[in-house]
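Report on the structure given below.
The values are calculated or read from the model by the stated rules, or taken from the named source; none is laboratory data. Predicted model, so just to flag it, every value in this text is computed and none were measured. Ideal geometry is used to build each Cβ from the backbone, glycine not excepted, and the neighbour counts take in all protein chains shown. Surface areas here come from the heavy atoms of the whole protein model, side chains and all, with no ligands, DNA or RNA. Shrake-Rupley method; radii C 1.70, N 1.55, O 1.52, S 1.80 Å.
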Amino acid sequence: MKDMLDFTGKKILVTGASSGIGRSTAIRLSEQGARVILNGRNVERLKETMEAMTGAGHLILPADLIETEDMTGLFNEMVSDGKKLDGLVHCAGIATILPLAMIKRSNIENCMRVNLYPLFEMTRLFSKKKYHDGNAIVAVSSIVVKQPAKCQSVYAATKGAVNAAVQALAIELADKNIRINCVMPASTDTEMMRDALTRMPDEAMMRKMKQQLLGVTKPEEIANIIMFLLSDLSGAVTGREFYADGGLLG
């Protein structure tokens, strides 16, 4: 029987590949034969990710998504070898944790410039025949869209925008043979989560952990769901939100 998670010959772009879910996704894809383009800001950490990967033909393509409004040059470089992209995973993100009294417009804008805006720009380019060979896009959202905690209003708003964008973009992309979905993890053992939890009251942190029936999720577990959504196994799925909350929501 054919391995439906075999990505041999596929070229996949993964943003936020320097750590957390992005790093785990890049590693898992390489183990299944994919050629992975690693995007992130920190070149040294991207090199660390590549060192943990298997196979050959991977590419480090550093870029600060906050500062990169037009990604045409980056996409041209990705396909300069004549091979188009077969998939895109947007893992890059920041979690702005602020009480209402401290929120400024710049806080909202900065969060949007990482969590949402690049998804539109990359999807716009990926949808051009010059850059894609069909297949799928996966955006990493968050379960905070459905159950936010105190001081997560900015983060929840930007991730909620990602969910809405995915649902609407699916309609336009279907004619181009591109599927798009999003994954909504709860507490996952990443640096971003650990940093966010240090800024939450202890009682809130413990309550959140106890509600997650399966405990804190491993990044590799989210990567496996992403691979499913990139693969032909999910060929009938587009425009959907996938809960990966470890039983957090009742």
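Of the residues making up segment 11-25, not a single one is touching a residue at least 24 places away in the same chain (Cβ under 8 Å), under 27 Å from ASN110 (Cα atoms) and surrounded by fewer than 16 Cβ atoms within 10 Å (Cβ to Cβ).
Please tell me if SER106 is in contact (Cβ under 8 Å) with a residue 24 or more places away in the chain and either loosely packed, with under 13 Cβ neighbours inside 10 Å or in a loop (DSSP other than H, G, I, E, B) (or both). It is false that SER106 is in contact (Cβ under 8 Å) with a residue 24 or more places away in the chain and either loosely packed, with under 13 Cβ neighbours inside 10 Å or in a loop (DSSP other than H, G, I, E, B) (or both).
Every residue, every condition in (1) in contact with a Ser or Thr (Cβ under 8 Å, 6 or more places away or on another chain); (2) aromatic (Phe, Trp, Tyr); (3) buried (at least 17 other Cβ atoms within 10 Å of the Cβ), yes or no:
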position	(1), (2), (3)
PHE120	no, yes, no
ARG124	no, no, no
ALA139	no, no, yes
CYS151	no, no, yes
ALA164	no, no, no
ALA168	no, no, no
ILE171	no, no, no
ASN181	yes, no, yes
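Just so you know, in segment 222-250 the residues that are free of Cβ contacts under 8 Å to residues at least 60 places away in the same chain and of a type in the set (Gly, Ala, Ser) include one that is nearest to GLN167 (Cα to Cα), and it is ALA236. Got at least one residue in segment 76-97 being in a loop (DSSP other than H, G, I, E, B), open to solvent by 20 Å² or more (accessible area, probe 1.4 Å) and in contact with a Pro (Cβ under 9 Å, 6 or more places away or on another chain)? Within segment 76-97, not a single residue is in a loop (DSSP other than H, G, I, E, B), open to solvent by 20 Å² or more (accessible area, probe 1.4 Å) and in contact with a Pro (Cβ under 9 Å, 6 or more places away or on another chain).
Is there a residue being within 14 Å of THR25 (Cβ to Cβ), among the charged types (D, E, K, R) and either over 20 Å from the mean Cα position of the chain (by Cα) or at pLDDT below 95 (or both) anywhere in segment 205-218? Among the residues of segment 205-218, at least one is within 14 Å of THR25 (Cβ to Cβ), among the charged types (D, E, K, R) and either over 20 Å from the mean Cα position of the chain (by Cα) or at pLDDT below 95 (or both), which makes the answer yes.
Criterion first (over 22 Å from LEU125 (Cα atoms), open to solvent by 50 Å² or more (accessible area, probe 1.4 Å) and part of a loop (DSSP other than H, G, I, E, B)) does GLY55 satisfy it? Considered against the rule, which asks whether it is over 22 Å from LEU125 (Cα atoms), open to solvent by 50 Å² or more (accessible area, probe 1.4 Å) and part of a loop (DSSP other than H, G, I, E, B), GLY55 comes out as yes.
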